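So the structure is just underneath, and the comments pick up after that.
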C-alpha cells in the first residue's frame, strides 16, 4: 500500500511539473488537471481477479408438483491449471415423469430423460476473468446446444465489477414418432454491475436481453378455441428484457440480509415482477442457515386464452404464458463436515423450497375451477473444495 | 454590438472557468472508499447468494420452464424447457 501511495504521489508531482510548463492561464488549470490525472491513476485496481476454487460437487435434485416429477443426479468438477486457467465439466440428468394438467386433460402421461453435459474454462488476467462454456442437452424429442462467453472486469480499485456476457443457443425440436421437424435459436446478452458500498454492503444491478427465433412452443400442447381443442400456434420470434436490482449486507455479526427486485417485459406482452427477501446466518462453528421468500407475479401473453372466443392467428393455452402469481419460501442448511485449512473442505447441503402457483385465467377443464398447485423442490448436495 | 458581446464573454470567462474547474475538482478526489483490507466481511459465504453453480442452475431451470419471464439472474442459461 505504501509503495502504491508513493507511486501515486510521484505521478501527481510529475503531472504537475509537466503542466506548469504551460502558459500562465494554463497553469491555473494545471493543479486540478493534475489532481484529476492523479485521481484516475489511483483507480488502478490494487487486487487481481481470482479464479473459481478447485471443486467437486455432486447433487441429487427433485421437483415434484402439479403432476410432474423431475429428478436426477448432477455432477460438477473444476480444476485449475497453473493458477491461470480453470477447466470445468458438468453432467446433469433430468428424469421426467409428466402427468401435468395439460397432459392428463389433452394427451397421455409420459416419461422421458434429459441428459446435459457442459464444459467450461475460466481465464484470469490481472483484473479480468474470462469464462467460456459449451453445453449440450439431449432428450428423445429435443436437442439443444449452446455456447457462452462472459467477461468480468474489476475497476475503481476493485470496488466495482462490470460483467458482460453473451450466449447463443441452437435447438432441434421434434415430436415422438415423427422425428425432428423444426428449430429454435436463442441469443442472450447480459450486463452486470456489482458495487461495494461499504465494508458491509454490496449492491448489484443485472440486465439481460433475450431473443428467440423458430419453434417456440410445445409440439404436444393444445389450445382451446370455442371449447374445441386445437394445436397451439405461437409467434416464431420473441424478445425480452429484464432488469434486476439487489443489495446484500451484513446487518449484525455472522448474519446477512438481502433483497432483490426484478422487472421483466417481452414482445409477447408479458410483464412480470419478482421480489425476494432473505437472510443468512452462521450457527455454531459448522452450520450456515439461509432462509428466503420469493414472490412472483406476471401478466398474460397477448395470444393466451383459457378458451379463445374468436379465431386468431396465434393462440396458446400454455399456463406459463397466463396470468398467475407464485410464492416460494426457501430454506437451506449447509453443514461443514471437515475442513483442513489450506488443503480441503467438505460440506453437505440441504436445500428445500415450497412453491405455490395460483393461476388467474387458467381453469382445470375437469372441474371448471381456476387451477392452482404446490410443488416441492429439493437439492441434496455434497461439495468438496481443495 | 459585437464589442458588447466580446466584453460580456470576457466577463463571463472566469466564471465559466471556475465552474469548469470546480467540476473537475469534484471528480478528482473520488477514490475507492472501501480499502481492500476492509473487504474481509464481504468474502464471507453469508454475503454470497449463489454459492454452488449446480444449485443456481437447477433453480434457474425450474423457474424458466414454469414462468413466462427469464434472465437477469446472473446465471448462464442453457438446456431446454421441457419438464
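Over the whole of B:31-44, what's the average partner chain Cβ count within 10 Å per residue? Rounded to a whole number, please.
Working: counts 8, 11, 7, 10, 6, 7, 3, 4, 6, 1, 9, 10, 0, 6.
Mean partner shielding for this stretch: 6.
Once you have a ≥ b ≥ c as the square roots of the Cα gyration tensor eigenvalues for chain A, tell me rounded if a/c is under 1.5, and otherwise prolate or oblate according to whether a/b is larger than b/c. Could you put the intermediate results ahead of the total?
On the way: a/c = 2.17, a/b = 1.73, b/c = 1.25.
Judged from the Cα gyration tensor, chain A comes out prolate (a/c at least 1.5, a/b above b/c).
Shown for A:306, B:44: other C-beta atoms within 10 Å of each C-beta, ranked fewest to most, produce the order B:44, A:306. Separation of the range A:89-126 and the range A:273-299 by C-alpha centroid, Å? What the calculation gives is 25 Å, centre to centre. With respect to chain A, whose longest principal axis is taken over its alpha-carbon atoms, helix A:2-20 is tilted by about 70°. In chain A, helices alone account for a calculated mean residue ellipticity at 222 nm of -3500 deg cm²/dmol, with every DSSP H run of four or more residues adding -39,500 (n - 2.57).
Taking neighbour counts of Cβ atoms within 10 Å as a proxy for exposure, in what order, fewest first, do A:187, A:268 appear? The partial results should precede the final answer.
Working: A:187 14, A:268 21.
Listing A:187, A:268 from fewest to most nearby Cβ atoms yields A:187, A:268.
Enter the angle in degrees (range 0 to 90, nearest 10) between the Cα long axis of helix A:24-42 and the first principal axis of the Cα atoms of chain A, meaning the one along which they spread out most. Once rounded, one gets 50 degrees. Its relative contact order, with pairs defined as Cα atoms under 8 Å and 6+ residues apart, puts the range A:188-331 at 20 percent. Residue exposure proxy: A:360, A:185, A:300, ordered by other Cβ atoms within 10 angstrom of their Cβ from fewest to most, comes out as A:185, A:360, A:300. Prolate is the label for the range A:312-386, because the ratio a/c of its alpha-carbon gyration tensor axes (a ≥ b ≥ c) is 1.5 or higher and a/b is greater than b/c. Modelled this way, with points 7 Å down the Cα-to-C-beta line, the labels at residue B:37 and residue A:209 are 4.5 nm from one another.
Here, each number is a calculation from the coordinates, and none is a lab measurement. Bear in mind the structure is a predicted one, so any value in this text is a computation, not a measurement. Heads up, the Cβs are rebuilt from the backbone with ideal geometry, glycines too, and the neighbour counts pull from every protein chain shown.
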